[in-house]
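See structure below.
Throughout, read-outs are computed from the coordinates displayed, never taken from laboratory work. All of these numbers come straight from a predicted model, not from anything done at the bench. All Cβ positions, even for glycine, are placed from backbone atoms using ideal geometry, and neighbour counts span all protein chains on display.
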Amino acid sequence: MAWTWRCEDAAGQVVEGPMPGASFPNRADAESWIGEIWQDLLEGGVDQVRLFEDGREVYGPMSLHGV
């Protein structure tokens, strides 16, 4: 299984994050990564993210504002 994030602006348009195409072996690793890098994403123009497992949306959009 591959866990991936999609970075978006406030309108839901895709924004390239610092690791486009990065995938994680499990949900815990994906969530740990977003917890470590969310401020960098926000500064880079990402407003929200969505988490996917093998192409299936698990949750989102999750705002990075006020995290």
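Rounded to the nearest 500, the helix-only mean residue ellipticity at 222 nm of the chain stands at -8500 deg cm²/dmol, with each DSSP H run of n ≥ 4 adding -39,500 (n - 2.57).
As a test of understanding, state the convex hull volume per residue of the chain from its alpha carbons, in Å³. Walk me through the intermediate numbers first.
Numbers: hull volume 5.1 nm³, N = 67.
For the chain, the hull spanned by Cα atoms encloses 76 Å³ per residue.
Below 8 Å between Cα atoms, with a sequence gap of 6+, how large is the relative contact order for the stretch 3-63 in percent? Dividing the mean separation by the residue count of the stretch 3-63 yields 42 percent.
Ordering 10, 32, 60 by Cα displacement along the dipole of the chain toward the positive end leaves 60 in first place; charges were set at the Cβ atoms of Lys, Arg (+1) and Asp, Glu (-1).
Relative to the longest principal axis of the Cα atoms of the chain, the long axis of helix 27-43 makes an angle of roughly 20 degrees.
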